[in-house]
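These notes concern the structure reproduced below.
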Amino acid sequence: MRLLFITATRVGDAVLTTGLLEHLRRAHPGIAATVVCGAPAAPLFRSLPGLEALIALNKRPYGLHYLSLWQRLAARRWDIVADLRRTPVPYLLLKSRHFRAPHPVEGRHRVAEIAEALQLRDPPAPCLWLGDKDRAEAARLVPFGPPVLAIGPAANWVGKQWRAERFAELVARLTAPGGILPGARVAVLAAASEREQCRPLLDSLPAERRIDLVGAVDLPAAAACLQRAAMFVGNDSGLMHLAAAAGVPTLGLFGPSPEYRYAPWGAHTAVARTRESYKELVTAPGFDHRTTGSLMDGLSVDTAVAAAEGLWKRMQGKAA
């Protein structure tokens, strides 16, 4: 049997589809999977069991990327096509079954929406497929020692970025002697291009407790590093969804994005948001996503600390 799985370009959106892919893989043991996604998300799938092909789809003008994709896929017959990107390509392929993502509905989480494509009552949680090299790299970068607080201070859009100075204050309070993770090491994760915006946070950390992973790891290795952390706190981003999929207690910070749709998924997660709602921020007079600065100033450090403490206590209660 052959499966064609067409998923997102962005990392976070692709992570949210991984549970459905795992569901299909387990429902059809031995199925050979071809995964189509954006280049940024491609590393997520490289260790997928039964992976036959991984196609990184780069957008081209006039939808020509879909033509080239069809040319690569048309020679085969597919037993299952799951299109979570709502592309025209599956309609031009020989296939037995075709599942297509439904249109978005106000108030519905993206994971639940994806599950509806297969009419699943219980949405499958996002998951990760990691290789031995990823785990070995994580063990080298995050060796055994005091607990680790992982921080994701970046995002794909400046409007969603809480200021690095506020992250620094949050970290200081959570790792202080009276905090939930006293003396914890702090791992900072971001892309190499995001180092400057992370610098105030990095500079605030004592060298002996700082684990600088900015630009140091790809997605699977980052996920393996996150699995070694006690907690993750970060902006609404692909890294936030990666942390939640890794199973680490995850606090997502929200402002100009809707938490009802993009909150980290799972009982081990929580959100803290600005005092302004998503709609209040993006419908404010003069709003322009192309020129705005951070829209996260309505989230106080006190609010974020309280949310982190609440999540920590809830997870400790479950572990007891």
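The values are calculated or read from the model by the stated rules, or taken from the named source; none is laboratory data. Given the structure is predicted, the values throughout are model-derived calculations rather than measurements. Glycine gets a Cβ as well: all are built from the backbone with ideal geometry, and neighbour counts include every protein chain shown.
I'd like to check something: does the range 44-67 contain any residue that is at pLDDT 95 or above, surrounded by 17 or more Cβ atoms within 10 Å (Cβ to Cβ) and either part of a helix (DSSP H, G or I) or among the polar types (S, T, N, Q) (or both)?
For the range 44-67, residues at pLDDT 95 or above, surrounded by 17 or more Cβ atoms within 10 Å (Cβ to Cβ) and either part of a helix (DSSP H, G or I) or among the polar types (S, T, N, Q) (or both): present.
Kindly check whether there is at least one residue in the range 69-92 that is closer than 24 Å to ALA115 by Cβ, loosely packed, with under 13 Cβ neighbours inside 10 Å and within 25 Å of the chain's Cα centre (by Cα).
Of the residues in the range 69-92, the ones closer than 24 Å to ALA115 by Cβ are 78-91.
This time we only want the ones that are loosely packed, with under 13 Cβ neighbours inside 10 Å, so: 86, 88, 91.
Filter again for within 25 Å of the chain's Cα centre (by Cα), leaving 86.
Checking the range 69-92: at least one residue is closer than 24 Å to ALA115 by Cβ, loosely packed, with under 13 Cβ neighbours inside 10 Å and within 25 Å of the chain's Cα centre (by Cα).
Could you tell me whether any residue of the range 250-264 is at pLDDT 95 or above and over 25 Å from GLY159 (Cα atoms)?
Taking the range 250-264 as the starting set, the residues that turn out to be at pLDDT 95 or above are 250-264.
Next cut, over 25 Å from GLY159 (Cα atoms) only: none.
Taking every residue of the range 250-264 in turn, none turns out to be at pLDDT 95 or above and over 25 Å from GLY159 (Cα atoms).
Identify, from the list ALA223, ALA230, ALA245, the residue that is out of contact with any helix residue (DSSP H, G or I) (no Cβ under 8 Å at 6 or more places or on another chain), aliphatic (A, V, I, L, M) and touching a residue at least 60 places away in the same chain (Cβ under 8 Å). Give the steps one after another, and end with the answer.
On the way: ALA223 fails: out of contact with any helix residue (DSSP H, G or I) (no Cβ under 8 Å at 6 or more places or on another chain); ALA245 fails: out of contact with any helix residue (DSSP H, G or I) (no Cβ under 8 Å at 6 or more places or on another chain).
Matching residue, one of ALA223, ALA230, ALA245: ALA230.
On the basis of being closer than 19 Å to ARG108 by Cα, buried (at least 23 other Cβ atoms within 10 Å of the Cβ) and assigned by TED's automatic domain parsing to the domain that holds VAL148, does ALA263 make the cut? Outline the logic, then answer.
Numbers: closer than 19 Å to ARG108 by Cα: yes; buried (at least 23 other Cβ atoms within 10 Å of the Cβ): yes; assigned by TED's automatic domain parsing to the domain that holds VAL148: yes.
Considered against the rule, which asks whether it is closer than 19 Å to ARG108 by Cα, buried (at least 23 other Cβ atoms within 10 Å of the Cβ) and assigned by TED's automatic domain parsing to the domain that holds VAL148, ALA263 comes out as yes.
Return the residues of the range 213-241 that are over 19 Å from PHE167 (Cα atoms) and not basic (Lys, Arg); say none if nothing qualifies. Give the steps one after another, and end with the answer.
Taking the range 213-241 first, the residues over 19 Å from PHE167 (Cα atoms) are 216-225, 227-228.
ALA216, VAL217, ASP218, LEU219, PRO220, ALA221, ALA222, ALA223, ALA224, CYS225, GLN227, listed by residue number.
Take the conditions at pLDDT below 95, over 18 Å from ALA243 (Cβ atoms) and out of contact with any helix residue (DSSP H, G or I) (no Cβ under 9 Å at 6 or more places or on another chain) and apply them to ALA284. Does it pass?
Details: at pLDDT below 95: yes; over 18 Å from ALA243 (Cβ atoms): yes; out of contact with any helix residue (DSSP H, G or I) (no Cβ under 9 Å at 6 or more places or on another chain): yes.
So ALA284 passes the test.
State yes or no: is ARG185 basic (Lys, Arg), touching a strand residue (DSSP E or B) at 6+ places or on another chain (Cβ under 9 Å) and more than 24 Å from GLU276 (Cβ to Cβ)? Can you show your working first?
Working: basic (Lys, Arg): yes; touching a strand residue (DSSP E or B) at 6+ places or on another chain (Cβ under 9 Å): yes; more than 24 Å from GLU276 (Cβ to Cβ): yes.
In short, yes.
State the number of residues belonging to the range 97-122 that are out of contact with any His (no Cβ under 8 Å at 6 or more places or on another chain) and assigned to a loop (DSSP other than H, G, I, E, B).
Of the range 97-122, the ones out of contact with any His (no Cβ under 8 Å at 6 or more places or on another chain) are 97-117, 119, 121-122.
Narrowing further to those that are assigned to a loop (DSSP other than H, G, I, E, B): 101-109, 117, 119, 121-122.
Total satisfying the criteria: 13.
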